[in-house]
Amino acid sequence: MTDTVGHHPPTTGDGFSPYVPPSESRPELTFRALLLGCLFGILFGAVTVYVGLRAGLTVAASIPIAVLSISVLRALGRASILENNIVQTTGNAGQSIAAGVIFTLPALIFLGFDLESFRIFALALIGGWLGVFFMIPLRRQLIVKEHAQLPYPEGTACADVLLAGERGGSFASRVFWGLGLGGLYTLFQNENLLGAWPSTPNYEPRWLPGSALRADATPEYLGVGYIIGPRVAGVIFSGSVFSWLVVLPAIHFFGAHAAQAIYPGILPIAQMSPSDLWAAYVRPMGAGAVAAAGILTLLRTLPTLFNALRSGLRAMRGAASTTQPRRTERDLPFSVVLCGSVLLVICMFLLLTFKPIPGAQTSLAANLAASLLVALFGFLFVTVSSRIVGLIGSSANPISGMTIATLMATAAIFLVKGWTAPAFGALAITIGGVVCIAAANAGDTSQDLKTGYLLGATPWKQQVALLIGVCVSTVAIGITLNAMNRGLEEFHAMNQPITPFWTLQQSADGVTLEQQHFSRRHFRVRMADHTERTLDGADYMLLNAIGSRQLPDGKYLYDPQTGRIIAQWIQGIGSERAAAPQARLMATVIHGILTRQLPWGLILMGVFLVVAVELLGVRSLSFAVGFYLSIATTLPIFCGGVVRWMVDQAVARNGGTNDAEETNNEISPGSLYASGLIAAGGVVGLLGVALRLYESATGRYDLLQMSPHNPLYHDWVAVGMFALLASSLFYFARRPLK
């Protein structure tokens with residue numbers, strides 16, 4: 001009998017023999033391994049922010065990082081397998097931190113506050129380090145003692161990749177093919193770059209008014225769909241089919257005869273496009289559906305939660321007294337873990353007190369309560385997350401459900417205390433954000449430590465690498481988040497008279513004036529006829545609408561001389577191109593509890609939709625996410641799932657060779673190529689965002705963009721090119737690895 005990585009029965013005292021024996025010492029925590037890991041952490045952290053804000057999904061980065069590390073270090077000279085493990089450990093921290101950040105902190109935008117790079121860095125650092133520190137005392141219990149019971153699938157697969165590289169396997173070329181072809185495709189497809197053909201082909205059938213069929217045909221969505229597989233991709237797409245091809249036409253059919261706007265819409269339904277209907281009516285339904293599905297997922301894991309908490313407490317009691325003389329058993333000292341955790345909680349209090357969110361000053365008592373809630377919920381859900389990923393993997397970890405539970409409990413406490421001002425909404429999302437980041441990082445930390453345990457790594461060196469990786473990647477994550485918010489923004493021209501802002505403030509309409517001038521020297525405004533012109537922003541002021549019956553939620557440029565709104569400022573995060581669905585859901589939960597002003601009818605429709613889906617025997621979270629997302633996102637993801645199904649069928653027809661086994665795990669040729677597509681779409685897409693920022697700063701627009709009148713600018717060309725990219729995925733997925 002052999003274990004997962006092909007070793008013979010154990011001979012050591014703890015019942016397992018790693019690949020590198022404890023008595024053997026190999027290069028591990030080297031400068032080049034840390035440097036390469038930090039570079040990968042920055043790269044994949046930025047890519048995760050880009051893809052996650054757009055698709056609402058993230059994929060694990062440890063395996064593509066391991067593959068690239070093997071190739072790069074081999075080119076630099078003989079590399080130890082433990083060095084490659086440090087590279088993937090350091091780099092993977094960027095992906096996990098980015099996932100926790102994008103699921104929560106963009107909610108500050110939806111609550112009317114600005115994102116600050118320093119604040120994102122500080123909160124991500126506190127949450128990421130708490131995730132590592134809280135996980136360390138659990139390692140011996142979860143990774144060592146329960147080795148046979150907790151497989152940690154991503155960690156085990158990553159160990160397989162590193163062992164294959166050690167034995168001479170070479171499959172990095174598959175990732176590089178995905179990077180090259182995906183990058184070339186994105187250069188022509190992305191509207192911020194050449195934009196040779198439409199980035200989102202669109203069809204709105206006249207025979208079904210209110211509906212739309214569109215696809216944001218990007219390589220990263222195709223790759224995500226391939227990796228998550230046909231079943232999950234199909235369930236996600238079914239949610240979008242129901243919302244865009246059933247619910248939206250039904251709303252239009254029954255509401256088009258109403259002469260007045262129906263709340264929460266601000267226009268008569270007959271005048272609303274499918275995107276307007278989706279934003280006004282389906283999003284609140286989707287928020288209720290995702291919240292209900294997340295809570296149901298969390299309730300389903302309650303037995304595991306309690307067992308994990310009990311095991312974690314036992315592990316912590318034994319951590320201080322256990323001596324660990326062997327190299328493969330040495331964690332960071334418990335005193336370092338305890339002091340570091342306490343220091344992080346103190347830093348949280350100091351940050352909230354001396355560097356509050358602008359316009360969100362809270363009392364010392366509230367800041368102290370927030371810091372203690374971070375420690376309480378952080379320890380609880382780090383323990384739960386570390387155990388759950390051992391059973392079902394990081395991709396199925398119910399982070400959203402844990403975060404929603406944290407936010408609901410926090411907002412309920414604030415409501416009881418009478419802390420209902422907008423500042424406390426910002427404080428609640430700060431608490432939820434740190435807890436979400438800690439839980440997400442703890443799950444991936446557990447997978448990394450499992451990989452190290454199988455290979456014979458030194459735990460404390462991995463833990464140091466994780467702390468360094470968190471530090472470096474958080475800088476890139478904050479910069480990327482703000483860059484996307486600016487680079488994907490749009491200004492839509494308006495000419496709407498509005499009640500003077502001081503009257504609005506007194507009438508509690510939900511519109512408040514930010515006491516500042518709009519500081520841009522120039523910006524481009526899209527007119528009603530889709531042409532654009534440049535305006536000077538020096539004399540305009542900002543209106544921030546939340547819960548208003550006159551304006552949709554968002555920011556507007558107000559001209560005090562004419563008393564009119566001249567443009568709507570659609571920020572990049574929250575737009576259809578970067579929907580940030582989880583963060584919008586978090587903002588909806590907080591705002592609804594604190595203000596008790598939500599379209600409860602629509603939200604409850606989403607809740608009962610999830611109940612119906614659960615009664616049909618379908619796991620509702622994927623369906624709810626698809627219902628919430630735009631069909632432009634889920635359709636290309638579904639196409640990736642279809643390619644995966646075609647590959648599996650082709651392999652099955654060939655008699656189920658070794659390739660068939662590969663298509664069902666994390667290191668199949670198709671998964672590696674898909675990882676390259678995801679990385680290419682993210683990296684080249686971020687180059688397009690950087691170009692937009694440069695154009696905005698210099699006033700020199702359309703530096704690369706091809707004219708929409710070029711012969712390729714047709715929807716059928718976009719569909720054909722995406723089909724060619726999907727064909728390349730099918731081709732490379734069928735070619736066996738060397």
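Quick check on segment 247-257. Is at least one of its residues of a type outside the set (A, V, I, L, M, F, W, C), in contact (Cβ under 8 Å) with a residue 60 or more places away in the chain and at negative phi? Scanning segment 247-257, I find no residue that is of a type outside the set (A, V, I, L, M, F, W, C), in contact (Cβ under 8 Å) with a residue 60 or more places away in the chain and at negative phi, so the answer is no. Filtering segment 333-342 for residues that are in contact with a Ser or Thr (Cβ under 8 Å, 6 or more places away or on another chain), within 28 Å of Ala93 (Cβ to Cβ) and surrounded by fewer than 24 Cβ atoms within 10 Å (Cβ to Cβ) leaves an empty set.
Just to be sure before I move on: is Arg174 touching a residue at least 60 places away in the same chain (Cβ under 8 Å), basic (Lys, Arg) and closer than 25 Å to Leu53 by Cβ in the structure I sent? When the stated conditions are applied, Arg174 does not pass them.
Quick one: in segment 73-115, which of the residues that are modelled with pLDDT of 80 or more and of a type in the set (D, E, K, R) is farthest from the chain's Cα centre (by Cα)? Filtering segment 73-115 for residues that are modelled with pLDDT of 80 or more and of a type in the set (D, E, K, R), the one farthest from the chain's Cα centre (by Cα) comes out as Arg74.
Scanning segment 408-460 for residues that are under 30 Å from Asp160 (Cβ atoms) and among the charged types (D, E, K, R) turns up Asp444, Asp448, Lys450.
Restricting attention to segment 677-688, does a residue exist that is at pLDDT below 85, more than 19 Å from Leu184 (Cα to Cα) and buried (at least 16 other Cβ atoms within 10 Å of the Cβ)? No - not one qualifying residue is present in segment 677-688. In summary, Ala366 fulfils each of the numbered conditions (1) buried (at least 24 other Cβ atoms within 10 Å of the Cβ); (2) modelled with pLDDT of 85 or more with the single exception of condition (1).
Let's see how each residue does on (1) at pLDDT below 80; (2) of a type in the set (A, V, I, L, M, F, W, C); (3) crowded, with 20+ Cβ neighbours inside 10 Å; (4) under 19 Å from Val101 (Cβ atoms):
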| site | (1), (2), (3), (4) |
| --- | --- |
| Ala579 | yes, yes, yes, yes |
| Met586 | no, yes, yes, yes |
| Met605 | no, yes, no, no |
| Arg619 | yes, no, no, no |
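Within segment 182-200, take every residue that is of a type in the set (A, V, I, L, M, F, W, C) and farther than 21 Å from Gly640 by Cα and give me the one that is surrounded by the fewest Cβ atoms within 10 Å (Cβ to Cβ).
Residue satisfying both the conditions and the ranking: Leu194.
Please go through segment 186-202 and pick out each residue that is assigned to a loop (DSSP other than H, G, I, E, B) and not hydrophobic (A, V, I, L, M, F, W, C).
Selection gives Asn190, Glu191, Asn192, Gly195, Pro198, Ser199, Thr200, Pro201.
Looking across segment 90-124, the residues that are part of a helix (DSSP H, G or I) and surrounded by fewer than 24 Cβ atoms within 10 Å (Cβ to Cβ) come down to Ile109, Ser117, Phe118, Arg119, Ile120, Phe121, Ala122.
All told, Ile565 falls short of being modelled with pLDDT of 75 or more, over 17 Å from Asn495 (Cα atoms) and not polar (S, T, N, Q).
Here is a yes/no grid of residues against (1) farther than 27 Å from Val464 by Cβ; (2) part of a loop (DSSP other than H, G, I, E, B); (3) in the same structural domain as Val49 (by TED's automatic domain parsing); (4) not small (Gly, Ala, Ser):
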{"site": "Ile126", "(1), (2), (3), (4)": "no, no, yes, yes"}
{"site": "Pro137", "(1), (2), (3), (4)": "no, no, yes, yes"}
{"site": "Ile143", "(1), (2), (3), (4)": "no, no, yes, yes"}
{"site": "Leu150", "(1), (2), (3), (4)": "no, yes, yes, yes"}
{"site": "Ser173", "(1), (2), (3), (4)": "yes, no, no, no"}
{"site": "Leu181", "(1), (2), (3), (4)": "yes, no, no, yes"}
{"site": "Leu184", "(1), (2), (3), (4)": "yes, no, no, yes"}
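Considered as a group, the residues in segment 201-224 that are at pLDDT 90 or above and among the polar types (S, T, N, Q) include one that is surrounded by the most Cβ atoms within 10 Å (Cβ to Cβ), and that residue is Ser211. Sub-6 Å Cβ pairs linking a first residue in segment 146-163 that is more than 22 Å from Ile70 (Cα to Cα) to a second residue that is surrounded by fewer than 22 Cβ atoms within 10 Å (Cβ to Cβ) and at pLDDT below 75, at least 6 apart or interchain, are His147/Phe16, ordered by first then second residue.
Just wondering, is there one or more residues in segment 232-251 that are within 25 Å of Arg387 (Cα to Cα) and either modelled with pLDDT of 85 or more or assigned to a helix (DSSP H, G or I) (or both)? Yes - at least one qualifying residue is present in segment 232-251. The set of residues from segment 11-50 being within 30 Å of Ile678 (Cβ to Cβ) and either modelled with pLDDT under 80 or outside any helix (DSSP H, G or I) (or both) comprises Tyr19, Glu28, Leu29, Thr30.
Against the test of being assigned by TED's automatic domain parsing to the domain that holds Asp448 and out of contact with any Asp or Glu (no Cβ under 7 Å at 6 or more places or on another chain), the options Leu111, Leu73, Leu82 yield a single qualifying residue, Leu111.
The values are calculated or read from the model by the stated rules, or taken from the named source; none is laboratory data. Keep in mind the model is a prediction, meaning the values are calculated, not measured. Cβ: placed from backbone, ideal geometry, glycine included. Neighbour counts: every protein chain shown.
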